[in-house]
Structures are given as structure tokens and as C-alpha cells.
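Asks: Here's a structure for you.
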Amino acid sequence: MGALDVRPGQRVLELGCGTGQVTAELLAGGADVVAVDALPAMLDGARRRAPGATYVHGDVLLAELGGGYHRVVLSFLLHNFDQNSRVRLLRRAAAALAGGGRVGILD
């Protein structure tokens, strides 16, 4: 997480938030987090673990992600996709960044 250099007040998009473990770490560092996951049960767990984030139920390849994020984090997600979908997902992540933003991959 340190390599992402997330600073207080930065906007972070987390794709594949799962149970909210990474979400909680991002919030603890002062980030403003939007977390996306396709599984309602995972989102329920994430909401309990990290109540300060904004949660979006949706497919990371199809959901409206918005833009202007300082960081986009893919949390243990890429291994779930084939090569073509990985490329699509990484392009979507990059498109959601503000100028100078970074994509972080935890996998």
C-alpha cells in the first residue's frame, strides 16, 4: 500500500473491494474511497468493515466509474479475468484517473 502514496483527501477508486480490507486501510489513511464490487455479500461485509466509503454494486467492466481519481486500486481482481478482459479493465482504470494519478494492482 505504501507504494501507492495515498494521501489524506485524495480520491481513490477501488475495483473489486471484496470484504473491505483494503478499503479500510485506504480510509484509515484519509482517502475518500469509492469501492466497487459485483457481489452483494461482499459489499455487505465491506460496508460493515469500512463504513466511510461510498459503495457501488456493479461489474467492474460495465459500471459507471466516473473520473478524476488520484488513485485506482485493483484489489485481488485481475486473476478473475481472461487476458482481453484484463486489458479492458486496465484501460478503464487508467481512464478514471486524474492527471498524474496512478493505478495500483494488488493481486
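The values are calculated or read from the model by the stated rules, or taken from the named source; none is laboratory data. What you see is a predicted model; the values in this text were computed from it and never measured. All Cβ positions, glycine included, derive from the backbone under ideal geometry; neighbour counts span all protein chains shown.
Asks: Run down His79, His57 and say which single residue is touching a Pro at 6+ places or on another chain (Cβ under 7 Å) and farther than 21 Å from Val6 by Cα. Break it down stepwise before answering.
Replies: Values: His79 fails: touching a Pro at 6+ places or on another chain (Cβ under 7 Å).
None of the others qualify; the one that does is His57.
Asks: Okay, moving on. Looking at the range 1-20, which of the residues that are surrounded by 16 or more Cβ atoms within 10 Å (Cβ to Cβ) and over 21 Å from Gly67 (Cβ atoms) is farthest from the chain's Cα centre (by Cα)?
Replies: Going through the qualifying residues, I end up with Thr19.
Asks: Which of the residues that make up the range 32-59 are among the aromatic types (Phe, Trp, Tyr) and either surrounded by fewer than 20 Cβ atoms within 10 Å (Cβ to Cβ) or in a loop (DSSP other than H, G, I, E, B) (or both)? Lay out the reasoning, then the answer.
Replies: First, pick out the residues of the range 32-59 that are among the aromatic types (Phe, Trp, Tyr): 55.
Listed by number, the list is empty, since nothing qualifies.
Asks: Applying the selection to the range 64-90, what residues are farther than 21 Å from Gln10 by Cα and at pLDDT 95 or above? Break it down into steps so the answer makes sense when it comes.
Replies: Kept after step one, since they are farther than 21 Å from Gln10 by Cα, are these residues of the range 64-90: 76-89.
Within the range 64-90, Phe81, Asp82, Gln83, Asn84, Ser85, Arg86, Val87, Arg88, Leu89 qualify.
Asks: Regarding the range 94-101, can at least one residue be identified that is touching a residue at least 60 places away in the same chain (Cβ under 8 Å), crowded, with 17+ Cβ neighbours inside 10 Å, under 22 Å from Pro8 (Cβ atoms) and in contact with a helix residue (DSSP H, G or I) (Cβ under 6 Å, 6 or more places away or on another chain)?
Replies: Taking the range 94-101 first, the residues touching a residue at least 60 places away in the same chain (Cβ under 8 Å) are 96, 98.
Right, trim to crowded, with 17+ Cβ neighbours inside 10 Å and you get 96.
Among the residues that remain, those that are also under 22 Å from Pro8 (Cβ atoms) are: 96.
So of that shortlist, the ones also in contact with a helix residue (DSSP H, G or I) (Cβ under 6 Å, 6 or more places away or on another chain) come out as none.
Taking every residue of the range 94-101 in turn, none turns out to be touching a residue at least 60 places away in the same chain (Cβ under 8 Å), crowded, with 17+ Cβ neighbours inside 10 Å, under 22 Å from Pro8 (Cβ atoms) and in contact with a helix residue (DSSP H, G or I) (Cβ under 6 Å, 6 or more places away or on another chain).
Asks: Please identify the pairs in which a residue from the range 61-72 that is of a type in the set (D, E, K, R) has its Cβ atom under 7 Å from the Cβ atom of a residue that is modelled with pLDDT of 95 or more and in a loop (DSSP other than H, G, I, E, B), counting only partners at least 6 apart or on another chain.
Replies: Arg71/Gln10
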